[in-house]
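What follows is one structure encoded as structure tokens, with my remarks underneath.
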Amino acid sequence: MQQMMRRPRTSAAKAVNYNDMDSEMSFSVTASSDEDIEEWKPPEPKPRALTKTGRDQTAGEKKAPAKRTAKPKEPKEPKPPKAPKLPKEPKPRVPRKPAAERKTQAVKVQKGSGARGLAGTKRKKSDEDEKPGEDKGEKQTGCPEVETAEESGPSIRMKEERVSFIVSEAHQADGWAGEGSSQAGLKAKKEEVEEEDFRFDEPCQKKQKTSGACLGQPTALPSSQAQALRNELNMNWDLIEVLSILTCVERWVCVNIVTLLREENTVPFMVRYRKDMINHMDADAVRDVQLIYEELCSLAKKTKSVIQTLKKDGVLTDELEQDLRNCRSADELDHVYSPYKKGSKLTKARRAKALGLEEAASALMEKPHTLDLRAWVKTGTEGLSSVEEVATGVEHILADMIAKDPETLTYVKTLCENSSVTIQSSVSKSALKEKEQDKSVQGQKKPGAQQNKNKDIDKFHLYFDFTSNIQRIQPHQTLAINRGESLKILTVKVNIPDRVKSDFTRWCINNRWRPRTFAREDLNIIIKNAVEDSYKRLILPFLTRSYRNKLTSAAEKESIAMFVRNLRQRLLLCPIRGCVIMGVDPGFRHGCKLAVLSPTSQIIHTDVVYLHNSGQQREADKLRHLMIKYSCTKVVIGNGTACRETESFFADLISRRYFHPLDVSYCITSEAGASIYSVSPEAVKEMPDLDPNLRSAVSIGRRVQDPLAELVKIDPKHIGIGTYQHDVSAGALKAALDGVVQECVSFVGVDINICSETLMRHVAGLNAGRAKNIAEWREQNGPFINREQLKLVKGMGPKTYQQCAGFIRINPQTSARSSPHPGPAVPEKLAAKKAKGKTGVNISTSFNPLDQTCIHPESYHVAQRFLSIVGGSADQIGSAGLQQCVESKVRSSSVEELAKTVDTTPETLKLIIDGLTQPPGFDIRQNFGQADFKQGIVSMSDLRVGAVLTGRVDNTALFGAFVDIGVGRAGLIHKSNITLDKLPVSQRRRSLALGPGERVEVRVLNVDAQRGRIGLDLIRVLQ
């Protein structure tokens, strides 16, 4: 069959398209090569299609690595089109995309038959290119920019850790993964070109590349290990190659990340302590690679299962097995497998093949002059009883072959890219019918469910007659359309221009599917009918599914990225320390619940006051008594029911100096998730004797005292961040949010002797069981004296200790408490009793000053060596004297030279310098914003168009940022008003520009009091 499908062509363009619309993942395009644009060569019959797009891409990379990066990146502006005109094709194979789309378009592994298309059209070329030196791992260091760093010079964009939050100037260079540097002069300077990389208004998430110049040590994957990886997956493509293409990360970095993941290293550990191996990638970028790696492994597992199923059913052929092993996405696998699924009715082509017409179809393409359809007629046999039925059967077989031919699919996708493909939504007939019924019974009383249904229909009025180019549709529009479709309120279709059909039909008949020899007119009609049938019945639905899947996947990724960013900024709000705080959970009928908390978040007093009933003066006196008794000057009010009334009450008392001599101020904080937490097992265990309503007040107060420690107790989905959380994959969202929580907790660090068990379980390497064991050990044996004692805890193996040790702090103030079981004998007994194979281990019981820093125990010997060089000691950590010694040494010798002297990497030495010079109790959150306390109140009626106000970003969505300006309703800065010139330079490289907690200056554009909406314009971000 393959032989008859492949007819040499004299003039054709290479049908390689990195924008395969069948892809479900969207990644940034970072390279294009002139070498890739060559004349199409007819593929040879394939014994095995070993590598598909991965190898084809490799061939291009090996031939012209320099051009692929340097050419698109010389202009410091949005990326140029991904391919110039083809030399021998009158039309470009890859269209010129709009700037926004080009930046977010994927370097895609071809999915569905698209992947096979790329392999089919380039197989001969790639095979020839790869004959010399099959072991590509020895030569290639990754994405081509690595090899061209010297050649292209400053035009290469250097990797900058993707800063997803605000840090001060002194800490910005190293990012938070290194905990910042306490000295501006000691920060690690990273090269960076001035490149505008603002991507707020783009439809899809853009992946950020790692550096063009290797910051770490390129490592080639040993051929044996590479082969082992391939054998393990048992697929026809190279895992590292595909991973590098999909993520746009250099091959050597992909090798290291895969190796580290297979060794069970956590992302926070890799980002902080293995920077040289991952080329200084940030946590988000590493998680992206991890996600794609897991998807590829899952795909291989699913492919194996499908092959076993087909083998059991007796329908597996060698060609089908190769097609399955060539699949690089779940969509592509499903496209190949769907005709053979149990329960699916026999396709028209398979029924025709069962009648033996496959030979006739082959003859029609190879030797039409010998084909006589009358010879296939069998009277009395259904499907063969007449010449017409035979011709129809042959058409069905040809239509199936056309729909699965790689080159044909690639060509039709290229035609689509050169055309204006749109997605259109309209109100469904059922929704219209319901609205009409609603109008007819307008005078009658409607049940509540009916009212809610009509309200839901009205929410989608923007999409009742909506059309957008698929390259320009925004992620939030995609998710809204999907939701409306699932509720049967909207109908959605993808419109592909008729010109695509006519051009495709002409090309097939005159080129790809033209018989080898002269064919009679009646046979040509069969081919024409087969092409048209294939396009309408098979290819068009396939393209529609591909577009919808791609748009949905890109929108989900963008939505999850928004969640991740919002959660990170919410968790990293600066804590309010050193003062007594009153948490208030406002309410009307059941009163306002109060909780007075000590500076260390201990509950001092709880009470209930009824501020909105009669007897307000009595309640005010009660409040004044509590405030003065406990010297409480800060009030935190939850933003739920009765928030505005409670705020007004406190503002009135403050304006009358009712709490004199105290200078009292208040702030409003989100109480999202407080009610859920108050009845959770954690809350019951922590506050067993407290009423659930009072627990909410405690949680509200603690959210300002230490946001991270309190918010980790609540499921991230309930914190009230992001948008469309019910429209994205629940598993992907949970994994991403859990990863951010772990990242934040680990990078901030925990004092092992005072942190809660709930907080501890989010440290890298720990889980609920290990955290419980640590808490029990701490309870039985007293505080930990040093990190080494963690090895005595049950379940704390070498790998777990390696992952968590650097993120755990032992502070002298908390470790000096008297232990209920003093003496070294107890730990040694525990070591002998609990720790397997540790009976001979001697654990020190003395305090190590390095245990209070971010320095990992594996680098203690390096730190001691460095201290001896600079003439300091561990007891001086954080002191001004040691700081001056280190500064002086770094000025006289570079960090790189010092790293060689102490036999370590520059990255590790920079981390050690940070750890030694940061003051005791250093917290990376001190560079972030904290809650705004105020003493007065402004209402929405006081707002005037043109008024300039300051506020704090409360939440961000895919269409803009919501800002709390202190009037009880958040105002919206539409994304069109968030422009480059209004942002600090440090934020112009961030894909979402603003995040929760950032202070901004805004101008009121419009006020809609009836709908409760406030439109704002961003003036500037306040530093």
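List of remarks:
- Among S305, Y273, W252 - extreme Cα towards positive end, dipole of segment 251-363, charges at beta-carbon: S305
- Net charge of neighbours whose Cβ lies under 14 Å from the Cβ of Y630, counting Lys and Arg as +1 and Asp and Glu as -1: +3
- Peptides ranked, highest mean first, by Cβ atoms within 10 Å: ranges 857-869, 469-481, 300-312: 469-481, 857-869, 300-312
- Other residues with beta-carbon under 13 Å from the beta-carbon of E682 carry, at +1 per Lys or Arg and -1 per Asp or Glu, a net charge of +2.
- Förster-model FRET efficiency, 41 Å R0, V387 and S729, C-beta, rounded to 0.05: 0.20
- Segment 337-371: trypsin sites (Lys or Arg not before Pro) falling in loop per DSSP and having at most 10 other Cβ within 10 Å: K342, K345
- Working from label points 7 Å from Cα in the Cα-to-Cβ sense, the L346 to R516 distance is 3.0 nm.
- Neighbourhood net charge (13 Å Cβ-Cβ; Lys/Arg +1, Asp/Glu -1) for I1014: 0
- Measuring against 20 Å, Cα to Cα, the residue pairs K622/K685; K593/K622; K557/K975; K685/K713; K536/K557; K275/K799 contain K622/K685; K536/K557 as the ones spanning a longer distance.
- The modelled label-to-label distance between D715 and I676, using points 7 Å beyond Cα along the C-beta direction, is 0.5 nm.
- Efficiency of FRET from Cβ geometry, T600 and Q876, R₀ 35 Å, rounded to 0.05: 0.80
- Distance (nanometres) between label positions extended 7 Å along Cα→Cβ at R374 and S440: 6.2
- Entries in K429/K501; K311/K734; K301/K413; K439/K459; K439/K488 that, when Cα-Cα distance is taken, lie over 26 Å: K429/K501; K311/K734; K301/K413
- Using the Cβ-Cβ distance between T641 and A1009 with R0 = 22 Å, the FRET efficiency computed as 1/(1 + (r/R0)^6) comes to roughly 0.60.
Rule-based calculations on the coordinates, nothing more; no lab input. None of these values were measured; they are calculated from a predicted model. Note that we place each Cβ from the backbone using ideal geometry, even for glycine, and neighbour counts take in every protein chain shown.
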